[in-house]
1. Counting only the backbone N, which residues of the stretch 45-62 are under 20 Å from the spot 7 Å out from the Cα of residue 23 toward its beta-carbon?
2. Within the stretch 11-55, which residues have the backbone N less than 15 Å from the label spot 7 Å out from residue 64 along Cα→beta-carbon, could you tell me?
3. Give a quick list of GluC sites (Glu not before Pro) in the stretch 244-343 that DSSP marks as loop, anything other than H, G, I, E or B, with at most 15 other Cβ atoms within 10 Å.
4. Suppose each label sits 7 Å from its Cα in the direction of the beta carbon; what would the residue 32-residue 248 distance come out to in nanometres?
5. Cα centroid distance between the stretch 1-66 and the stretch 287-355, in Å?
6. Starting with the fewest neighbours, write out 291, 40, 282 ranked by other beta-carbon atoms found within 10 Å of each beta-carbon.
7. Would you order 47, 71, 226 from fewest to most other beta-carbon atoms within 10 Å of each residue's own beta-carbon?
8. Please identify the GluC sites (Glu not before Pro) of the stretch 20-84 that satisfy two criteria: DSSP loop assignment and at most 14 other Cβ atoms within 10 Å. Which are they?
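Readers should treat all values here as calculations from the given coordinates under stated rules, not as data from a laboratory. Everything numeric here is computed off the predicted structure, so don't read it as measured data. No Cβ is skipped: glycine too gets one built from the backbone with ideal geometry, and neighbour counts run over all protein chains shown.
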Amino acid sequence: MVVQLHGFDWVVYSERVMPAFEQWLIEGDETAVQQLFEQTRCAHEERFLPETVQRLRVWPRARAFAQTLPRGPYSRREYHKLCSAEHFTALSDRYLYKHAPQLYQQSDALRSVWGAIVETYCLPWATNSRPEQHPASFSPVEGKTRRQQSVDDTVAQSELVSLLQEVGLGELAQEIGELSAEVDDIEWEPEESDETAAQSDIEHIDAIELIDFNAEEETEVIVAARGMLIGHQPNLLHVRGWLAGISVRAMALFEFLACSRRSMPFGFEAGEPFGAFAGYLTPDEVAQLATCLEEVIPPDQAAAEEDYITFRYQHPGLPASFRLVDEVLPTHAAELLKAVKTASGQGLGLICSVE
């Protein structure tokens with residue numbers, strides 16, 4: 001599962017999004033939420049579903065579920081706490097409260113409606129314009145050069161050779177090593193640099209934009225939210241352990257953000273379309289985290305990768321050298337620091353997605 005951090009517009013979320021849900025769940029008036037949802041990527045994609053599966057659309061299922069919700073005095077108080085961004089946030093710590101505000105049961109359709117609206121209105125780093133206009137937003141594979149890819153391949157290959165030697169397949173390990181040497185001897189023709197390639201792509205896009213297709217109506221293209229990659233899920237344990245050695249408050253705030261310590265209003269499901277938001281921080285909490293990490297220098301990426309390989313081949317039979325997964329250096333720590341610094345400078349919160 002890939003973990004990404006996104007800027008989180010807390011003002012829009014607390015003053016526009018959640019009041020609309022409160023009006024829907026308490027008063028039964030779905031107008032405001034429906035107007036917000038109709039502009040989302042989820043609604044746009046569902047317009048192209050075949051007629052035979054129209055009953056599976058998210059909005060009709062969410063509306064049908066909302067109509068079944070109990071609306072007695074206790075339920076209405078629960079919905080009010082659930083839809084109050086500030087009140088719910090204060091009560092959403094799983095370590096302190098056995099019962100965070102919630103519905104009588106979770107609905108994947110309602111969760112998708114909430115997530116689609118948050119993606120559209122509350123993630124200022126994920127816009128529909130070209131990514132070069134927003135350097136704080138990038139895809140997981142961007143920025144990785146051919147040289148870096150070659151280094152990664154070499155590390156993986158040396159790891160394979162070591163494993164084969166350990167299990168007694170020395171001849172096979174020698175053959176793989178010789179084949180690697182032959183490949184390395186090949187002189188590869190240099191390719192254009194990443195900046196040159198990017199500029200070429202931009203010019204190509206600009207040329208396409210100049211073409212007039214004589215369309216009667218412009219078609220809006222909505223893309224998935226893109227954020228700052230901080231690695232896969234195992235790396236969260238590495239980051240958490242690393243932060244614990246810096247500041248307990250920094251570790252706790254990271255747990256709220258990425259480790260499911262904070263409950264989400266309508267639940268969380270990793271990898272689910274529009275339902276993969278695992279946690280968030282308010283602007284005040286981001287400012288606190290930025291203060292804790294102000295003078296911190298991230299571990300070197302290559303050193304962190306090598307440390308993880310060393311951890312994987314440790315020997316449990318030697319207690320003196322045995323390490324915990326939380327003690328491994330984190331990769332993508334620089335991206336975490338950048339996300340915190342950028343969000344703090346812009347007065348934004350942070351929200352985490354696990355896809």
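1. Residues 59-60, 62 qualify, since their backbone N sits under 20 Å from the label point.
2. What the label zone holds, given the 15 Å backbone N cut-off, is 52-55.
3. On the way: sites: 255, 269, 285, 294, 295, 305, 306, 327, 335; in loops: 269, 294, 295.
When the GluC sites (Glu not before Pro) of the stretch 244-343 are filtered for loop state and at most 15 Cβ neighbours within 10 Å, 294, 295 remain.
4. 4.0 nm
5. Between the Cα centre of the stretch 1-66 and that of the stretch 287-355, the gap is 34 Å.
6. Working: 291 14, 40 23, 282 19.
In increasing order of surrounding Cβ atoms, one gets 291, 282, 40.
7. Working: 47 8, 71 12, 226 21.
The fewest-first ordering by Cβ neighbours comes to 47, 71, 226.
8. Working: sites: 22, 27, 30, 38, 45, 46, 51, 78; in loops: 30, 38.
Loop-located and lightly packed - 38.
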